[in-house]
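> Pasting in a structure now, in structure tokens, and then I'll have a few things to ask.
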Amino acid sequence: MSGLIRLVDIPTHGDQRGSLSVAELGGALPFVVRRAYWLHGTQPGVSRGFHSHKKLNQLCVCVKGSVRFVLSDGKSRESVTLDRPDRGLLIGPDTWREMHDFSPDCVLLVLADAEYDEGDYRRLQ
Ligand code: TYD
């Protein structure tokens, strides 16, 4: 695994009924969550993201379907596909992210350590 791609295993309790995955402080979550949002119904061929954040930390979990992330720190560029609900991708500040190849059923949950702030974004001009 590269230094850019920080995957975390999300503790999962499975029994005959199914599975329950938990992201909590001190476990899979290294920060206090102040915002949660999710991407769903992404149209075929659409890519999203194309920005970095100045301060924000995020944990991305593809709870259904699959999506491919491309991360870059300006020096290297790495790709990883998220396709399971018990695996998270941590993305910290100053990391460029792109999301590609959303499956039609993809639901991508993002947990973040701050409220939405357009001033925290760095986008292409
Ligand atoms: P946008 O930043 O374009 O998504 P991405 O770059 O990840 O593809 O966000 C789409 C819209 O949603 C935009 O109008 C901003 C708004 N938005 C919020 O209001 N709150 C949020 O927490 C997020 C992530 C986006």
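The values are calculated or read from the model by the stated rules, or taken from the named source; none is laboratory data. Because the structure is a prediction, the values reported are computed rather than measured. Please note: Cβ atoms are built from the backbone with ideal geometry, for glycine as well, and neighbour counts cover all protein chains shown.
> How do the strands (runs of 3 or more DSSP E) wholly within segment 53-114 filter down when requiring 2 or more residues that are closer than 19 Å to V22 by Cα: which remain?
So the answer is 58-64, 87-91, 107-112.
> Tell me yes or no: at least one residue of segment 66-89 is at positive phi, modelled with pLDDT of 95 or more and away from the ligand (no atom under 14 Å from the Cβ).
no
> Inspect segment 14-31 for any residue being among the hydroxyl-bearing types (S, T, Y), assigned to a loop (DSSP other than H, G, I, E, B) and in contact with a strand residue (DSSP E or B) (Cβ under 6 Å, 6 or more places away or on another chain) and give the result as yes or no.
Looking through segment 14-31, none of the residues is among the hydroxyl-bearing types (S, T, Y), assigned to a loop (DSSP other than H, G, I, E, B) and in contact with a strand residue (DSSP E or B) (Cβ under 6 Å, 6 or more places away or on another chain).
> Can you name the condition, by its number, that W96 falls short on among (1) modelled with pLDDT of 95 or more; (2) farther than 24 Å from D117 by Cα?
With respect to (1) modelled with pLDDT of 95 or more; (2) farther than 24 Å from D117 by Cα, W96 is out only on (2).
> Scan segment 94-116 for residues that are within 14 Å of K54 (Cβ to Cβ), buried (at least 17 other Cβ atoms within 10 Å of the Cβ) and within 11 Å of the ligand (Cβ to nearest atom) and report the count.
Total meeting the criteria: 2.
> Across segment 9-37, which residue is surrounded by the fewest Cβ atoms within 10 Å (Cβ to Cβ) among those that are out of contact with any Ser or Thr (no Cβ under 6 Å at 6 or more places or on another chain) and β-branched (V, I, T)?
V32
> Scan (1) more than 11 Å from the ligand (Cβ to nearest atom); (2) in contact (Cβ under 8 Å) with a residue 24 or more places away in the chain for the single condition A36 breaks and write down its number.
Failed condition: (1).
Results for (1) under 24 Å from I10 (Cα atoms); (2) surrounded by fewer than 19 Cβ atoms within 10 Å (Cβ to Cβ), shown as yes or no for each residue.
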residue: L39; (1), (2): yes, yes
residue: Q43; (1), (2): no, yes
residue: F50; (1), (2): no, yes
residue: C62; (1), (2): yes, no
residue: G65; (1), (2): yes, yes
residue: V70; (1), (2): yes, yes
residue: D73; (1), (2): no, yes
residue: E78; (1), (2): yes, yes
residue: L82; (1), (2): yes, no
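The rows are residues; the columns are (1) among the acidic types (D, E); (2) modelled with pLDDT under 95; (3) more than 17 Å from the chain's Cα centre (by Cα).
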| position | (1), (2), (3) |
| --- | --- |
| G3 | no, yes, no |
| R6 | no, no, no |
| D15 | yes, no, yes |
| S21 | no, no, no |
| T42 | no, no, no |
| H53 | no, no, no |
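> What is the number of the single condition among (1) of a type in the set (D, E); (2) under 12 Å from the mean Cα position of the chain (by Cα); (3) at positive phi that D101 does not meet?
Only one criterion is unmet by D101, namely (2).
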